[in-house]
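Down below is the structure, laid out as structure tokens.
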Amino acid sequence: MTDFTAFTDVTYEVDNGLAWITINRPDRYNAFRARTVDELVKAFKAAWGSPEVGAVALTGAGEKAFCSGGDQKQRMETGDYGPSDSGLFEVEALHRVIRDTPKPVIAAVNGVAVGGGHVLHLLCDMSIAAEHAIFGQNGPRVGSFDAGLGTGYLARAIGEKRAREIWFMCRRYSAQQALEWGLVNKVVPADQLRAEVRAWADEILQLSPTSLKVLKQSLNADTEHFIAQGNMAYSTLKLFGESAEALEGISAFNEKRKPDFSKFRGA
């Protein structure tokens, strides 16, 4: 049994068949460090194995952010995302468990969903967004990237041209724009978000869990190869993260200035 009282970065609760997994770092816009990722993986596995759970909701604490991606302040301070249970930064395992949990996962996007947070909502089976939610990518701004599910699966979801725009421009998109592009399933007023997720979960809970499991596995099958591509890209990202180019992105982010990548264009 997982001891959720020992968690610091994530909360977990089950309410009438619906497991709420909440990133609880509102002071960092719910950015994740290695410990956050470890706790998220454990929470999803708990929901996976629990006979009391038929649907899962992923959200962030507070009203400002769903998840703003990797904690760049932590990265600047220590050169990595901090200590973890295994000694590894298990973000690929998190991506995997969201997809592999044999129960529908709903992202309750209650604010900013950018960078790695944008990838997390994308990987959930469905996304419901508050009207003030903001979406977008940040990797090329801070010397980072997601070259697996965060790119290939994104292109499957919304089309190549739009996926390339999101990654190559690093713009911010409203909840309404996300709805029009097919990034989210529904947009509701912020004070109705949890109730809407609850209503969707209640519909799910009336359905055959084995049917839902096999359907989810079937839907995942066509994009499984992106996981292998992501593993290769993550190996590259670890090497790139120590380069002068990547360090310029991290430093600029933490110093609240525009990065100067001009001297790296010739390679």
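Summary table
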read-out	value
Residues of region 117-149 classified as open to solvent by 10 Å² or more (accessible area, probe 1.4 Å) and modelled with pLDDT of 95 or more, total	6
Boolean, Ala147 is closer than 22 Å to Ala195 by Cβ, outside any helix (DSSP H, G or I) and of a type in the set (A, V, I, L, M, F, W, C)	no
Cβ-Cβ under 9 Å pairs, at least 6 apart or on other chains, region 49-64 side over 11 Å from Cys124 (Cβ atoms), far side hydroxyl-bearing (Ser, Thr, Tyr)	Gly60/Thr22; Gly60/Tyr29; Gly60/Ser68; Ala61/Thr11; Ala61/Thr22; Gly62/Tyr29; Lys64/Tyr29
Yes/no for Phe44 being of a type in the set (A, V, I, L, M, F, W, C), open to solvent by less than 70 Å² (accessible area, probe 1.4 Å) and over 13 Å from Val109 (Cα atoms)	yes
Close pairs from region 231-257: first of a type outside the set (A, V, I, L, M), partner part of a helix (DSSP H, G or I) and open to solvent by less than 30 Å² (accessible area, probe 1.4 Å), Cβ under 6 Å, at least 6 apart	Phe240/Ala246; Phe253/Gln72
Helices (runs of 4 or more DSSP H) lying entirely in region 153-267 (those with 2 or more residues that are open to solvent by 60 Å² or more (accessible area, probe 1.4 Å) and not basic (Lys, Arg))	160-169, 175-181, 193-204, 209-221, 225-240, 244-255
Lone qualifier among Glu13, Glu39 - being of a type outside the set (Ser, Thr, Tyr) and free of Cβ contacts under 8 Å to residues at least 24 places away in the same chain	Glu13
Among residues of region 102-113, those that are open to solvent by 10 Å² or more (accessible area, probe 1.4 Å) and within 20 Å of Val188 (Cβ to Cβ), counted	3
Residue satisfying condition, being within 27 Å of Phe264 (Cβ to Cβ) and either out of contact with any Lys or Arg (no Cβ under 9 Å at 6 or more places or on another chain) or of a type outside the set (Val, Ile, Thr) (or both), within set Ala195, Ala113, Ala155	Ala155
Qualifying helices (runs of 4 or more DSSP H) (wholly inside region 1-118; at least 3 residues being in contact with a helix residue (DSSP H, G or I) (Cβ under 9 Å, 6 or more places away or on another chain) and closer than 25 Å to Leu212 by Cα)	34-49, 91-100
Some residue of region 89-98 being open to solvent by less than 20 Å² (accessible area, probe 1.4 Å), in contact (Cβ under 8 Å) with a residue 40 or more places away in the chain and more than 22 Å from Leu239 (Cα to Cα)	yes
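The values are calculated or read from the model by the stated rules, or taken from the named source; none is laboratory data. Predicted, not measured: the structure shown is a model, and the values here were computed from it. A quick note on method: Cβ atoms are made from the backbone with ideal geometry, for glycine too, and the neighbour counts reach across all protein chains shown. Side chains are part of the model used for accessible areas, which takes the heavy atoms of the whole protein and leaves out ligands, DNA and RNA. Shrake-Rupley method; radii C 1.70, N 1.55, O 1.52, S 1.80 Å.
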